[in-house]
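Undergrad: Could you have a look at this structure, given as C-alpha cells, before my questions?
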Amino acid sequence: MDRTKGIGGSDASRIMSGDWFALWQEKTGRQAPPDLSAVLQVQMGIFTEELNRRWFETQTGLEIGRAGCTDLVHREKEFMVGNIDGWVLDGVIECKHVSAFAKDEDILGRYYPQVQHYLAVTATPRGFLSVFFGNHRWEFFQIEADAPYQGELVERETAFWWHVDHDVPPKNEPARP
C-alpha cells in the first residue's frame with residue numbers, strides 16, 4: 001500500500017502523540033519515511049509475524065482467518081486505511097515482537113491508537129494484540145472498541161488529513177494519551 005494515500009495504523013500513534021509536521025512531510029512526499037529495513041526490532045516483528053499468529057492460535061484456541069489483510073478502507077473516511085495481521089472472532093489481531101524488558105502497560109499504551117484505528121476502519125468491536133517479549137515471554141491483550149477515544153482519533157485524523165489534502169503545513173498538536 002502506498003503510505004502517502006492515507007492514514008494507516010502506525011500513523012495513528014503519531015497523530016495522537018502530536019507528531020503532525022514530520023508525518024505531513026512524509027504524506028506529501030517532502031520527506032521520505034524512515035527506512036526501517038535495517039531496524040532489527042521491525043524486521044524481527046515482520047519475520048516472526050506468522051509464528052506469532054500460529055502461537056496465538058495454539059495458546060488461545062482461537063482461529064485467525066484471512067491473515068495479512070491489506071488495503072482495508074474506512075466506510076466513510078476513505079483516507080483511513082488499514083493493513084491488519086488477521087481476523088479473530090469478530091475482531092482484528094495485531095502481532096508484535098518487542099523488547100524482552102518492555103512492560104505490559106507501555107506496550108498497551110504504544111499500540112492502543114493503532115488497534116483503535118483498525119477497529120474504526122473495520123467497524124469491529126474488539127482487537128487482539130499478540131506480543132512476543134524477546135524470546136522468553138508471550139502475552140495477548142484483548143482491546144475493546146473505545147467509542148470516545150475513536151471519536152477523538154477520527155477527529156484528529158480528519159483534521160490532519162485536511163492539511164495533506166490542502167497542502168498546508170500543520171503545527172504539531174498536543175499529545176493525547
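Undergrad: Could you size up the charge dipole of the range 1-116 around its Cα centre, putting +1 on the beta carbon of Lys and Arg and -1 on that of Asp and Glu, and report it in debye to the nearest 20?
TA: I would put it at about 240 debye.
Undergrad: Of the accessible area of the chain, with the probe set at 1.4 angstrom, what percent is carbon plus sulfur?
TA: Whole-percent figure for carbon plus sulfur exposure: 55.
Undergrad: For the range 1-82, with the dipole built from +1 on Lys and Arg beta-carbon atoms and -1 on Asp and Glu ones, taken about the Cα centre, which of Leu72, Ile15, Leu51 lies farthest toward the positive end?
TA: Ile15
Undergrad: Further question: With all protein chains present and a 1.4 Å probe, how do Ser37, Ser13 order by accessible area, largest first?
TA: Reading off the accessible areas and sorting them downward yields Ser37, Ser13.
Undergrad: Using the alpha-carbon centroid of each, what span in Å lies between the range 1-65 and the range 78-156?
TA: The distance from the Cα centre of the range 1-65 to that of the range 78-156 comes to 11 Å.
Undergrad: Can you give the Rg to Rh ratio of the range 30-148, both from alpha-carbon atoms, with Rh computed by the Kirkwood formula?
TA: For the range 30-148, the value is 0.96.
Undergrad: Could you give the size of the charge dipole of the range 88-160 about its Cα centre, using +1 on the Cβ of each K and R and -1 on the Cβ of each D and E, expressed in debye and rounded to the nearest 20?
TA: My answer is approximately 260 debye.
Undergrad: In deg cm²/dmol, rounded to 500, what helix-only [θ] at 222 nm does the chain give when every DSSP H run of at least 4 residues adds -39500 (n - 2.57) and the total is split over its residues?
TA: Theoretical 222 nm ellipticity from helices: -13500 deg cm²/dmol.
Undergrad: Enter the accessible area per residue of the range 24-177 (Å², integer; probe 1.4 Å; all protein chains in place).
TA: On a per-residue basis, the range 24-177 sits at 55 Å².
Undergrad: Go through Tyr118, Trp162, His97 and say which Cα lies farthest out towards the positive end of the charge dipole of the range 87-164; charges sit on Cβ, +1 for Lys and Arg, -1 for Asp and Glu.
TA: Selected residue: His97.
Undergrad: In addition: For Phe79, Phe128, give me the order by solvent-accessible area with a 1.4 Å probe, most accessible first, ignoring ligands, DNA and RNA.
TA: Ranking Phe79, Phe128 by accessible area, largest first, yields Phe79, Phe128.
The values are calculated or read from the model by the stated rules, or taken from the named source; none is laboratory data. Just so we're clear, the structure is a prediction, and the values are computed from it rather than from any experiment. Reconstructed Cβ throughout: ideal geometry from the backbone, glycine too, with neighbour counts over all protein chains shown. The accessibility values were calculated without ligands, DNA or RNA, using every heavy atom of the protein model including side chains. Shrake-Rupley method; radii C 1.70, N 1.55, O 1.52, S 1.80 Å.
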